[in-house]
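Okay, so here's the structure we're looking at.
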Amino acid sequence: MKYTEVMVRYGELSTKGKNRKDFIGRLAGNVTKVLRDFPQVRIYPRHDRMHIVLNGAPFEEIDKRLKKVFGIQTYSPTIKVPKTLADIEKISLEMMQETFKDGMTFKVNTKRSDHQFKYDTNQLNSMVGDYLFDHMDNLKAEMKHPDMVLRIEVRQDAIYISNQLLHGVGGMPVGTGGKAVMMLSGGIDSPVASYLALKRGVDIEMVHFFSPPYTTEKALAKAKELTGILANYAGRINFIAVPFAEIQETIKEKIPEGYLMTVQRRFMLQLADRIRAKRGSMAIFNGESVGQVASQTLESMFAINDVTTTPVIRPVATMDKTEIIDRARKIGTFELSIKPFEDCCTIFAPPRPKTKPKVEKARKYEERLDAEGLIQRAMDGIKVTPIYPNQKFLEDKAQEDADLL
């Protein structure tokens, strides 16, 4: 079926009152980003619908992108037809003949915003239904729970006909919830937390700590590629790589083993907070889940959070591991997350970390270090990379390695 456009229906935006216009504008911008590979497409955001005019672009490819845009409740591929009964009947029949299968049930559902149109909704339902019965065999109507609904929308400019109601991911358009940094590791949890932050409209930038030569280039490439998967939901995400080896070496040399993890995480949070302030963000997100590991007990979180008054938000805090893994599979990050490239959170992990560290002790041990110098040198070495949907980095790294052989 050669669809002419896609009609997008908004989700939570309908509850946003005076901010609705801004939210719709942001959604239109996000849709434009994810469809940037289709320059012929035109997007028209309106108060009650967004019209995406395909101009020959394949709906199948557009569909793959729209499924991941937050702020879309439902959408339908449609055919725009002139406002005549003959055109409505012709396109309705073609659409049914192409998609209707024996044994299915259907109904015609008309909505009319142009009340000057010659026929009302009941008349159109009846006339189009009769026309279909006259030209097709084995049709069976069902009003309550049909397998297929032929939707006819009578609007001021034209008639729009569709027979699919596809569901988007809902949520809020990315960017309407403010800006934050996300502490992204190479594991399972933080990509899921990133997805949940994006779903609530938060525009996130990834902060990833790497420690060469203790961590490999493949570990860094893995984190970037995870960001590429998540960029499907945002259009683009900035990836901020933070060198962390000097800090980890210094902590290992001068801090008691039981507090290595606590002090290391305190430094990570301080760096994330500096980056947040520098880049105009308002909060820090991470992938911590209460009680999952030693650094994620409430006592540890309390001791680590001591270094900042910035809100630290943990979207997966109350989810168990099974729930997090299930969500990771659904969003497409799980298989990549479990690839065995060690990140800096694991290489210096002590065998017996404190699960109930004391804030006073953490502060006391940190006084042994040139904290400001360590933080500043790490800040001086950060590198920001814009990452786009499904951008590959591990493949590129594998090719580089092969070229060196």
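Here, each number is a calculation from the coordinates, and none is a lab measurement. Keep in mind the model is a prediction, meaning the values are calculated, not measured. All Cβ positions, glycine included, derive from the backbone under ideal geometry; neighbour counts span all protein chains shown.
When the test is whether a residue is more than 23 Å from ILE247 (Cβ to Cβ) and touching a residue at least 12 places away in the same chain (Cβ under 8 Å), ALA317 passes it. Residues in the range 95-132 that are exposed (fewer than 12 other Cβ atoms within 10 Å of the Cβ) and over 15 Å from LEU85 (Cα atoms): 6 in all. Does VAL181 satisfy being of a type in the set (A, V, I, L, M, F, W, C), closer than 30 Å to ARG314 by Cβ, in contact (Cβ under 8 Å) with a residue 12 or more places away in the chain and out of contact with any strand residue (DSSP E or B) (no Cβ under 8 Å at 6 or more places or on another chain)? No: the conditions fail for VAL181.
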